[in-house]
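One structure is given here, and the rest of the page talks about it.
The values are calculated or read from the model by the stated rules, or taken from the named source; none is laboratory data. Because the structure is predicted, anything quoted here is derived from the model rather than measured. Here the Cβ positions follow ideal geometry from the backbone for every residue, glycine too, while neighbour counts run over all protein chains shown. Please note that ligands, DNA and RNA were not included when accessible areas were found on the heavy atoms of the full protein model with its side chains. Shrake-Rupley method; radii C 1.70, N 1.55, O 1.52, S 1.80 Å.
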Protein chains: 2
Amino acid sequence: MRTCWINGAYVPEAEAAVPIFDRGLLFGDGVYEVAAVMQGRLLDADLHLVRLARSLREVGIADTVGAAQWLEVMQALVSRNGIVEGLVYLQVTRGVAERDFVFPQGATPTVFAYARPKRVSDDPNAAGVAVHVTPDLRWARRDIKSVSLLAQVLAKEAAKAHGCFEAMMHEDGVVTEGGSSNLWIVTDGAVQTRPLSSKLLAGITRDVVLQVAAEAGIPVRERAFTVEQARGAAECFLTSATNFVLPIVSIDGHPVGSGVAGPVTERLRAGYLARARALTAG
Amino acid sequence: MRTCWINGAYVPEAEAAVPIFDRGLLFGDGVYEVAAVMQGRLLDADLHLVRLARSLREVGIADTVGAAQWLEVMQALVSRNGIVEGLVYLQVTRGVAERDFVFPQGATPTVFAYARPKRVSDDPNAAGVAVHVTPDLRWARRDIKSVSLLAQVLAKEAAKAHGCFEAMMHEDGVVTEGGSSNLWIVTDGAVQTRPLSSKLLAGITRDVVLQVAAEAGIPVRERAFTVEQARGAAECFLTSATNFVLPIVSIDGHPVGSGVAGPVTERLRAGYLARARALTAG
């Protein structure tokens, strides 16, 4: 059985529970992060913890653990569970209190984390995935990585129902984000992704891929694009913390470009993997 | 200690817990209802259970309990906890599964409920409450009573920070809803509230108050109104399952009408209470 961590203690998975009065359960009142593991080590956990601290500030939850202890906990979960490739998930909620929308006085945030294996360096989806176009139903503060995720759950389930790996969410035809990823296109040899705002999450992988592209001399445009532009692009891909860079080879059944992973996407995935291997080397 | 109900069992509050892998906690992936209790009896629980069934259908969660058993559970919680006036809260989540956005195969929904006392017939707020105007940040499917409620939590906390009881949420100046209530104005002797759509919750109390108004011969308009119209209205009020009808006497510090509860609002509150007393009489 897995070992999880909750409120300061390492416990068997079966004992990791929260009271029904936890605000994470009653209100989706919490935030989270997911970091990848390669070669038994955390990838960019420091960057995820900076974003966690920001999410906590934005929703007014106290940061009772802090980056240094989170790093210890995340590394301990990797070791105790023997994760070589996989992920660590962590969550903070506003804590346990009699149900009332306003912030409770004196409640202590609930904190927990777990790890699990996942193939990240040789992801079977690296050959390319399909996406399904669906309206973006999310709230206005998508820059906060909150656990009020029902819109994303429904978008990704709709994608699955259409035989697709991911949702391509849009507002009035303008692509916002994937269900749990940032989306990109390649046109005229340049990569393009939406600029940061409250309309999308500031992806850690998004930011790293922007650097990888710049270092490889690939032109970068931070500009929104439409579903139509994605359909007509030479290449399309997604980025996320545990999918890294995945080619999008079809949009609602219509092939993107040649219908297979394109050369720019493959360069970026390879560049991302090389950096990840170097950062997690023993 | 309170007795709660979870997954078929009545348990002491301290034992009512869910695993950290519950999708209610990880994704806000669940729906809920709240019904008032008067004279030791449930008010309009049947209507709340019809709405629960609709919410479950809309998000694709199986209705494993059903209205008949929910009624038994709700009544048992009222009795076991000796509630004379108060509320019963119930929630259904998509269940426990390894974290993945798409619906899990074979997971059983998590179901739980609790009761608590609250003054409803002689609510100390019946003299009138203050509201704070704030942008509506919610997702697009507000007709679903989901537990992904972080936008409402932040709206109601902002209201509290401004010394107000409730948020008056708006989009581009058009009033959508309160943080956890429907909003109304009275102009030229007629009551006005926004028509039903995916932009707001179909309040059970809203619907009953429409009937109470019609029976009292008060003209009713189902039409959106602006923050400016609310500021200039003769009266303004909110409706919710446990607040019934509450006068709104100020909007961001500016008095509404005469600054005290108005006659139409008082007639509607009295009419609502009379109906509630009759329905819950022994």
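Below is a table of values for the structure above.
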| read-out | value |
| --- | --- |
| Any hit, region A:171-187, residues being assigned to a loop (DSSP other than H, G, I, E, B) and out of contact with any Ser or Thr (no Cβ under 8 Å at 6 or more places or on another chain) | yes |
| Top-ranked residue in region B:106-119 [being within 23 Å of B:G66 (Cα to Cα) and not hydrophobic (A, V, I, L, M, F, W, C); ranked as most open to solvent (accessible area, probe 1.4 Å)] | B:T108 |
| Subset of region B:164-222 (residues that are away from every other protein chain (no Cβ under 14 Å) and of a type in the set (K, R)) | B:R194, B:R206, B:R221 |
| Hits in region A:75-105 - residues which are open to solvent by less than 60 Å² (accessible area, probe 1.4 Å), more than 13 Å from every other protein chain (Cβ to nearest Cβ), touching a Pro at 6+ places or on another chain (Cβ under 9 Å) and in contact (Cβ under 8 Å) with a residue 40 or more places away in the chain | A:N81, A:I83, A:E85 |
| Residue within region A:120-134 that is within 11 Å of chain B (Cβ to nearest Cβ), touching an Asp or Glu at 6+ places or on another chain (Cβ under 7 Å) and crowded, with 20+ Cβ neighbours inside 10 Å present | no |
| Some residue of region B:148-159 being among the polar types (S, T, N, Q) and at the interface with another protein chain (Cβ under 7 Å from one of its Cβ atoms) | yes |
| Verdict on B:G217 being touching a residue at least 40 places away in the same chain (Cβ under 8 Å) and small (G, A, S) | no |
| Residue list for region B:171-184, restricted to those being under 18 Å from the mean Cα position of the chain (by Cα) and without any contact (Cβ under 8 Å) to a residue 60 or more places away in the chain | B:V175, B:T176, B:E177, B:G179, B:N182, B:W184 |
| Tally, over region A:106-118, of residues that are assigned to a loop (DSSP other than H, G, I, E, B) and within 12 Å of another protein chain (Cβ to nearest Cβ) | 1 |
| Residue satisfying condition, being under 30 Å from B:E33 (Cβ atoms) and at pLDDT below 95, within set A:G106, A:G95 | A:G106 |
| Residues of region B:27-44 that turn out to be within 18 Å of B:P104 (Cα to Cα) and surrounded by fewer than 21 Cβ atoms within 10 Å (Cβ to Cβ), as a count | 0 |
| Top-ranked residue of region A:120-169 - restricted to ones that are of a type in the set (D, E, K, R) and in a loop (DSSP other than H, G, I, E, B), ranked as nearest to the chain's Cα centre (by Cα) | A:K145 |
| Any hit, region A:252-260, residues being touching a Pro at 6+ places or on another chain (Cβ under 6 Å), open to solvent by 20 Å² or more (accessible area, probe 1.4 Å) and within 19 Å of A:V131 (Cβ to Cβ) | no |
| Some residue of region B:143-153 being open to solvent by 10 Å² or more (accessible area, probe 1.4 Å), in contact with a Phe, Trp or Tyr (Cβ under 7 Å, 6 or more places away or on another chain), free of Cβ contacts under 8 Å to residues at least 60 places away in the same chain and of a type in the set (K, R) | no |
| Region B:225-248: number of residues that are farther than 14 Å from B:D123 by Cβ, in a strand (DSSP E or B) and either open to solvent by 20 Å² or more (accessible area, probe 1.4 Å) or hydroxyl-bearing (S, T, Y) (or both) | 1 |
| Odd one out for A:L200, checked against (1) within 19 Å of the chain's Cα centre (by Cα); (2) more than 18 Å from A:L137 (Cα to Cα) | (2) |
| Within region B:60-72, tally of residues that are surrounded by fewer than 21 Cβ atoms within 10 Å (Cβ to Cβ) and part of a helix (DSSP H, G or I) | 6 |
| Members of region A:203-220 found to be more than 19 Å from A:A276 (Cβ to Cβ) and assigned to a loop (DSSP other than H, G, I, E, B), listed by number | A:G217, A:P219 |
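Let's see how each residue does on (1) crowded, with 24+ Cβ neighbours inside 10 Å; (2) under 18 Å from the mean Cα position of the chain (by Cα); (3) in a helix (DSSP H, G or I); (4) within 14 Å of chain A (Cβ to nearest Cβ):
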{"position": "B:Y10", "(1), (2), (3), (4)": "no, no, no, yes"}
{"position": "B:L25", "(1), (2), (3), (4)": "yes, no, yes, yes"}
{"position": "B:D46", "(1), (2), (3), (4)": "no, yes, yes, no"}
{"position": "B:A53", "(1), (2), (3), (4)": "no, yes, yes, no"}
